[in-house]
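Asks: Pasting in a structure now, in structure tokens, and then I'll have a few things to ask.
The values are calculated or read from the model by the stated rules, or taken from the named source; none is laboratory data. Source: prediction; values computed, not measured. Glycine also receives a Cβ, built like all others from the backbone with ideal geometry; neighbour counts cover every protein chain displayed. Just so you know, the surface numbers come from the protein's heavy atoms only, side chains and all, with ligands and any DNA or RNA stripped out. Shrake-Rupley method; radii C 1.70, N 1.55, O 1.52, S 1.80 Å.
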Amino acid sequence: MDKLLIRGGRRLQGEVPISGAKNAALPELCAALLTDEPVTLDNVPKLDDVSTMLRLIRNMGVAAERADDGRVTIDASRLGQPEAPYDLVKTMRASVLALGPLLARFGRAKVSLPGGCAIGSRPVDQHIKGLTAMGADIRVEHGYMVAGLAGGRARLKGARITTDMVTVTGTENFLMAAALAEGETVLENAAQEPEIPDLAEMLIRMGARIEGHGTSRIRIEGVERLHGCSHAVVADRIEAGTFLCAVAATGGDVLLRHGRADHLDAVVEKLRDAGVSVEAVDGGIRVRSAGPAWAHLKAQAFRTTEYPGFPTDMQAQFMALNCVSQGASHVTETIFENRFMHVNELVRLGARIQTDGKVAMIEGVPRLSGATVMATDLRASASLVIAGLVAEGETVVDRIYHLDRGYDRMEAKLRGIGADIERAR
């Protein structure tokens with residue numbers, strides 16, 4: 001099992017490329033199932049979750065070719081088995097994104113209940129509720145969602161869907177399903193994360209009729225068929241945010257090539273309040289920090305919430321920064337009920353953190369000490385890497401298969417800007 005060896009105390013300097021977003025690439029691979037014409041996706045990141053999704057659609061009979069430059073070509077004209085089996089999706093919650101496209105194009109699907117990080121419940125009831133309103137008949141049995149069309153229908157039908165909570169994958173599933181449904185679908189309480197309009201723009205290139213994407217109310221007028229397209233995956237705002245926190249913690253001057261500051265407003269605002277220089281520049285984001293966080297940064301309190309608020313996927317990384325910044329702070333996690341598992345590992349490195357339910361109280365310390373720590377989920381892994389970059393001595397981050405699910409060669413990118421980090425077995 002791979003691990004990362006990090007020797008802390010190095011300033012970060014130079015340029016680092018930000019890869020395509022995992023949370024955009026996965027639904028867009030599923031969107032290619034909506035047509036029998038070839039689809040080309042550029043800027044697809046090299047991630048374990050992407051590899052899993054490619055294995056999944058190939059298992060359905062889809063031809064999918066992946067080039068070294070990040071281009072993926074998908075041809076779903078011979079898709080013959082609209083099924084997502086447990087063995088292929090047990091490590092990836094995004095498997096549920098196959099449900100809407102398969103139902104919309106074939107009128108049937110069998111999709112395993114999703115897996116992923118152990119950070120809390122991820123119910124599929126909102127997906128089932130919305131697709132049922134569109135005329136699907138879905139039952140859960142033996143760990144699978146088994147779906148068909150009710151009442152002898154040939155196509156899904158348009159509907160007004162209001163979810164009980166904001167759900168990113170639910171919004172994506174409904175977008176894809178509605179693109180081929182009969183009539184108009186209106187999504188109320190829709191997610192607004194940048195990956196949603198990126199998916200919508202891809203669907204529009206395929207011939208879909210969509211308005212309001214990027215707002216809480218999206219309108220889709222279904223069409224009879226979609227065609228192929230070419231589309232570039234949007235840059236990964238969470239990878240960019242992770243590198244922003246890493247540079248802030250260690251000090252340095254780094255250009256995040258392709259990064260989008262406008263997709264990270266809440267994080268950028270907190271970093272500036274802490275004392276970090278962050279500016280949008282031609283070609284990316286430039287982040288500058290005068291030295292190690294304890295010397296000049298002030299810890300910041302924040303509360304996670306749906307976009308455009310502070311993202312839950314940046315909570316652990318910013319907490320690591322708070323651990324080595326001046327002053328006390330508190331972090332409130334409102335999205336997932338079990339997303340403080342990195343706390344005990346940060347404490348092993350010398351952080352001072354106490355938790356009470358959804359709130360973590362952090363008292364900044366001038367230094368951390370290297371130790372062996374264990375990654376428990378994707379973003380927790382990133383927080384431990386940031387802590388290791390500033391800790392004295394050597395830090396070993398174990399179980400980094402979590403990291404590989406969502407970060408494209410993180411250790412190579414960090415090494416390219418001056419970090420002393422290597423992968424070992």
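Asks: Filter region 61-93 down to residues that are touching a residue at least 40 places away in the same chain (Cβ under 8 Å) and either farther than 28 Å from Ala154 by Cβ or assigned to a loop (DSSP other than H, G, I, E, B) (or both), then give me how many there are.
Replies: Adding up the residues that qualify gives 9.
Asks: With respect to Glu193, determine if the residue is under 19 Å from Cys30 (Cα atoms), buried (at least 19 other Cβ atoms within 10 Å of the Cβ) and at pLDDT 95 or above.
Replies: So Glu193 passes the test.
Asks: Check Glu65 against each of (1) modelled with pLDDT of 95 or more; (2) surrounded by 24 or more Cβ atoms within 10 Å (Cβ to Cβ) and name the one condition it does not meet.
Replies: (2)
Asks: So which residues in region 188-211 are outside any strand (DSSP E or B), without any contact (Cβ under 8 Å) to a residue 60 or more places away in the chain and closer than 27 Å to Gly259 by Cβ, if there are any at all?
Replies: Of everything in region 188-211, those that are outside any strand (DSSP E or B), without any contact (Cβ under 8 Å) to a residue 60 or more places away in the chain and closer than 27 Å to Gly259 by Cβ turn out to be Ala190, Ile196, Pro197, Ala200, Glu201, Ile204, Arg205.
Asks: I've got another one for you. Just to check your reading of the model, which residue among Glu337, Glu269 is assigned to a loop (DSSP other than H, G, I, E, B), exposed (fewer than 15 other Cβ atoms within 10 Å of the Cβ) and of a type in the set (D, E, K, R)?
Replies: On the way: Glu269 fails: assigned to a loop (DSSP other than H, G, I, E, B).
That would be Glu337, the only listed residue that is assigned to a loop (DSSP other than H, G, I, E, B), exposed (fewer than 15 other Cβ atoms within 10 Å of the Cβ) and of a type in the set (D, E, K, R).
Asks: I've got another one for you. So for region 80-98 (the condition being of a type in the set (Ser, Thr, Tyr) and touching a helix residue (DSSP H, G or I) at 6+ places or on another chain (Cβ under 7 Å)), does at least one residue qualify?
Replies: Yes, some residue in region 80-98 is of a type in the set (Ser, Thr, Tyr) and touching a helix residue (DSSP H, G or I) at 6+ places or on another chain (Cβ under 7 Å).
Asks: Just to check your reading of the model, which residue among Ala360, Ala351 is at pLDDT 95 or above and out of contact with any Asp or Glu (no Cβ under 8 Å at 6 or more places or on another chain)? Lay out the reasoning, then the answer.
Replies: On the way: Ala360 fails: out of contact with any Asp or Glu (no Cβ under 8 Å at 6 or more places or on another chain).
Going through Ala360, Ala351 in turn, just one is at pLDDT 95 or above and out of contact with any Asp or Glu (no Cβ under 8 Å at 6 or more places or on another chain): Ala351.
Asks: Among the residues of region 289-307, write down those that are under 25 Å from the mean Cα position of the chain (by Cα) and over 18 Å from Ile362 (Cα atoms).
Replies: Of everything in region 289-307, those that are under 25 Å from the mean Cα position of the chain (by Cα) and over 18 Å from Ile362 (Cα atoms) turn out to be Thr305, Glu306, Tyr307.
Asks: Given the criteria touching a strand residue (DSSP E or B) at 6+ places or on another chain (Cβ under 8 Å) and either open to solvent by 40 Å² or more (accessible area, probe 1.4 Å) or in a strand (DSSP E or B) (or both), does Val287 qualify? Working first, answer last.
Replies: On the way: touching a strand residue (DSSP E or B) at 6+ places or on another chain (Cβ under 8 Å): yes; either open to solvent by 40 Å² or more (accessible area, probe 1.4 Å) or in a strand (DSSP E or B) (or both): yes.
For Val287, the condition - touching a strand residue (DSSP E or B) at 6+ places or on another chain (Cβ under 8 Å) and either open to solvent by 40 Å² or more (accessible area, probe 1.4 Å) or in a strand (DSSP E or B) (or both) - is met.
Asks: Another one. Kindly provide the set of residues from region 8-48 that are in contact (Cβ under 8 Å) with a residue 60 or more places away in the chain, surrounded by fewer than 24 Cβ atoms within 10 Å (Cβ to Cβ) and acidic (Asp, Glu), ordered by number.
Replies: Glu15, Glu37, Asp42, Asp48, listed by residue number.
Residue-wise test of (1) under 21 Å from the mean Cα position of the chain (by Cα); (2) within 23 Å of Phe336 (Cβ to Cβ); (3) touching a residue at least 40 places away in the same chain (Cβ under 8 Å); (4) open to solvent by 50 Å² or more (accessible area, probe 1.4 Å).
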| residue | (1), (2), (3), (4) |
| --- | --- |
| Val146 | no, no, no, no |
| Leu156 | no, no, yes, no |
| Glu172 | yes, yes, yes, no |
| Val186 | no, no, no, no |
| His213 | yes, no, no, no |
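Asks: Right, here's the next one. Can you find a residue in region 340-357 that is open to solvent by 60 Å² or more (accessible area, probe 1.4 Å), over 20 Å from Lys270 (Cα atoms) and in contact with a Phe, Trp or Tyr (Cβ under 9 Å, 6 or more places away or on another chain)?
Replies: yes
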